């Protein structure tokens, strides 16, 4: 995905140019953290200020953008409903893939997204075993306590991770939770090297979780397998991780097909 300062190359879609430009501006605002000034948008988009002002005025009138007293623009509340609906759709598309994980591993499978500074679970297929997990659809947790959080943040630069941890703090969910930025960044280095993340009793004692990112997802996403530590052993990890990675790649293709 292009950074906020990289120009996007508009494809000849045959669509309405003003709509394409408006959505491009919304994406640039999101990339920039949700709040920008007109001059910043002009610099990154290459559009003239009068054009940007006209588009932003329309987006404000529709509730998708709001203007602060300092005249900077922020993403508006009407986008929340769209985002929630999109998250539910992602969960719907993910469920067949999660079901395959459950069928082949016997453990609970989850999909989670990074929403602001939190991890939110958007889909789950439970294990056939009668074991209660802390995860459930809609649950929000801090990233440093979970395998999916590690898998998601391993894709971000260390300075961004440090800033997030400074905002959220690092409270301990269990005595195994990593509670220092240095310890968490070390864990992310291991995730990048191995290609998967582990939550070893860090969110819930007795539960072990394996997680991988979904490559090229439209928003940062990860899938995971969670189960009792006595079943999700090191030996089981060697068997489960390649399956997780394969399913994540297949889910990536599914998401690309649905957004095409």
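Every number here is computed from the coordinates shown, using simple stated rules; none is lab data. Please read these numbers as outputs of a predicted model, since none were measured by experiment. With ideal geometry, Cβ positions are generated from the backbone for all residues, glycine too; neighbour counts draw on all protein chains shown.
I need 68, 97 ordered by Cβ neighbour count within 10 Å, fewest first.
Fewest to most other Cβ atoms nearby, the residues stand as 68, 97.
When only alpha-carbon atoms are used, what values of Rg and Dmax, in angstrom, describe region 17-76?
Computed over the Cα atoms of region 17-76, radius of gyration and Dmax are 10.0, 30 Å.
What's the exposure ranking of 24, 115, 257, going from fewest to most Cβ atoms within 10 Å?
With the sparsest Cβ surroundings first, the list reads 257, 115, 24.
Can you tell me the length gained on complete extension of the stretch residue 231 to residue 137, counting 0.36 nm per residue apart and subtracting the Cα distance?
31.5 nm
Cut-off 10 angstrom, C-alpha nodes, Gaussian network model of the chain. Which of 217, 22, 151 fluctuates the most?
Among 217, 22, 151, the largest mean-square fluctuation in the Gaussian network model of the chain belongs to 22.
Out of 172, 123, 30, any idea which swings most in a Gaussian network model of the chain, alpha carbons joined below 10 Å?
Result: 30 has the largest fluctuation of those listed.
Shape of region 117-259 from its Cα gyration tensor (a ≥ b ≥ c, root eigenvalues): rounded if a/c is under 1.5, otherwise prolate when a/b > b/c, or oblate?
Here region 117-259 falls in the rounded category.
May I ask you to derive the FRET efficiency for residue 245 and residue 23 from their Cβ-Cβ distance with R0 = 35 Å, giving the value to the nearest 0.05?
Efficiency for this residue pair is about 0.65.
For the chain, take the longest principal axis of its alpha carbons; what is the angle in degrees between that and the long axis of helix 17-31, to the nearest 10 within 0 to 90?
50 degrees
GNM, the chain, Cα, under 10 Å: largest mean-square fluctuation among 225, 178, 52?
52
Projected area of region 169-238, taken from the Cα convex hull and averaged over every viewing direction, in nm²?
Average projection, Cα convex hull of region 169-238: 5.4 nm².
Nearest 500 deg cm²/dmol is fine: what mean residue ellipticity at 222 nm does the chain get from its DSSP H runs of n ≥ 4 alone, each adding -39,500 (n - 2.57), divided by its residue count?
It lands at -15500 deg cm²/dmol.
For helix 234-259, what angle does its Cα long axis make with the longest principal axis of the chain, in degrees from 0 to 90 and rounded to 10?
With rounding to tens, the tilt is 30 degrees.
Given labels modelled 7 Å from the Cα in the Cβ direction, how far is it in nm from residue 166 to residue 216?
In this crude spin-label approximation the distance works out to 3.5 nm.
I need the calculated FRET efficiency for the pair residue 128 and residue 175, taking r as the beta carbon distance and R₀ as 35 Å, to the nearest 0.05.
E between residue 128 and residue 175, to the nearest 0.05, is 0.70.
With a point put 7 Å past each Cα toward its Cβ, work out how far residue 159 is from residue 185 in nm, to one decimal.
For the pair residue 159/residue 185, the computed spacing is 1.2 nm.
How would 180, 254, 145 line up from fewest to most surrounding beta-carbon atoms within 10 angstrom?
180, 254, 145
Considering the convex hull of the alpha carbon atoms of the chain, report its projected area averaged over all viewing directions, in nm², one decimal.
Answer in nm², one decimal: 14.8.
Tell me, in nm to one decimal, what length is gained between residue 95 and residue 201 on full extension, where the rule is 0.36 nm per residue of separation less the Cα-Cα distance?
Full extension from residue 95 to residue 201 adds 35.6 nm.
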